[in-house]
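Heads up, the thing below is written out as structure tokens.
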Amino acid sequence: IFATGAIRDADLNIPGVGLEGSFGAADFVSWYDGHPDVPREWPLDAKEIAVVGNGNVALDVARILSKHAEDLLSTEIPENVYRGLKDSPVTDVHVFGRRGPAQVKFTPLELRELSHSRDVDIVLYPEDFDFDAGSDEAIRTNNQTKTMVNTLTNWLVEEQDTGASRRLHLHFLHSPVEIVEGTGDGAGKVAAIRFERNELDGTGNVRGTGEIVEYPVQAVYRAIGYFGSALSDLEYDGQRGVIPNEAGRVLDTAGRPVPGIYATGWIKRGPVGLIGHTKGDAL
């Protein structure tokens, strides 16, 4: 039974993704969790940071980057991670989602956790709050969506500007198109990120408007999903990052079940769902 999961970041195929200061969220999560296979040091010298993605991993990364290191001492934070975060000069962390507030992929608990960070203001933008017929239907029929939209809308109305030393910006309806390289001493490094503004199409999906906006940042974290890795002697679906299977029975090149070989979890069905879903796979 292969239960190898998905450990690497899904690719973000835009210009500039290979610049210094462009990171995969999976690697960063492994670093701050103290994983023994990753380096002990992490470059934390950016004042302005972009996190691309609208799932729980994106929120976790944004929360860790914006939180004051002292407030993590009550957790099991490794000493080297505490020192790195303590010296971070960050002032602004921007989280960007491709669709609208009613289509976010994080959960209410993760969202509410953002507001518990000390000395961090949450900043939202009225132009990002657009709801089409598909959004209204999702809000009406899904309690989790309704809860998150209510939370976000309340934060927007309250305008949480307390003069905090750090700000966590939540942006919606943005599709990344390019990570911009710096000039002079900044050559080879991240200097900004460009997005195309989107609009909802009536179904909850989006289309581009052609409007390009740019944000000055010195680091970009890609949190657009995890991706499975190939294993020797097994077929691999490089489009989905899974082992081809039929109800868990691993298939060969011809699409026939391989006797005695099975897959479960994310390597079977892709990186979707939370710990509870994966517990179901385990059972």
Subset of the stretch 86-124 [touching a Phe, Trp or Tyr at 6+ places or on another chain (Cβ under 8 Å) and closer than 21 Å to residue 164 by Cβ]: 94, 96, 115, 122, 124
Lone qualifier among 254, 192 - being out of contact with any Gly (no Cβ under 6 Å at 6 or more places or on another chain), in a strand (DSSP E or B) and among the small types (Gly, Ala, Ser): 192
Cβ-Cβ under 9 Å pairs, at least 6 apart or on other chains, the stretch 217-232 side farther than 12 Å from residue 12 by Cα and open to solvent by 50 Å² or more (accessible area, probe 1.4 Å), far side among the hydrophobic types (A, V, I, L, M, F, W, C) and assigned to a loop (DSSP other than H, G, I, E, B): 218/46; 230/243; 231/243
Which listed residue is open to solvent by 50 Å² or more (accessible area, probe 1.4 Å) and within 19 Å of the chain's Cα centre (by Cα), from 240, 256, 249: 240
In the stretch 5-19, the residues that are under 18 Å from residue 278 (Cβ atoms), part of a loop (DSSP other than H, G, I, E, B) and open to solvent by 80 Å² or more (accessible area, probe 1.4 Å): 7
Evaluation of residue 199 against (1) touching a residue at least 60 places away in the same chain (Cβ under 8 Å); (2) touching a helix residue (DSSP H, G or I) at 6+ places or on another chain (Cβ under 8 Å); (3) of a type outside the set (A, V, I, L, M, F, W, C); (4) surrounded by fewer than 18 Cβ atoms within 10 Å (Cβ to Cβ) (one fails), failing number: (2)
Among (1) open to solvent by less than 60 Å² (accessible area, probe 1.4 Å); (2) part of a strand (DSSP E or B); (3) touching a Leu at 6+ places or on another chain (Cβ under 9 Å), the one test that residue 207 misses: (1)
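The values are calculated or read from the model by the stated rules, or taken from the named source; none is laboratory data. All of these numbers come straight from a predicted model, not from anything done at the bench. Cβ: placed from backbone, ideal geometry, glycine included. Neighbour counts: every protein chain shown. What goes into the accessible areas is simple: the full protein's heavy atoms, side chains included, and nothing from ligands, DNA or RNA. Shrake-Rupley method; radii C 1.70, N 1.55, O 1.52, S 1.80 Å.
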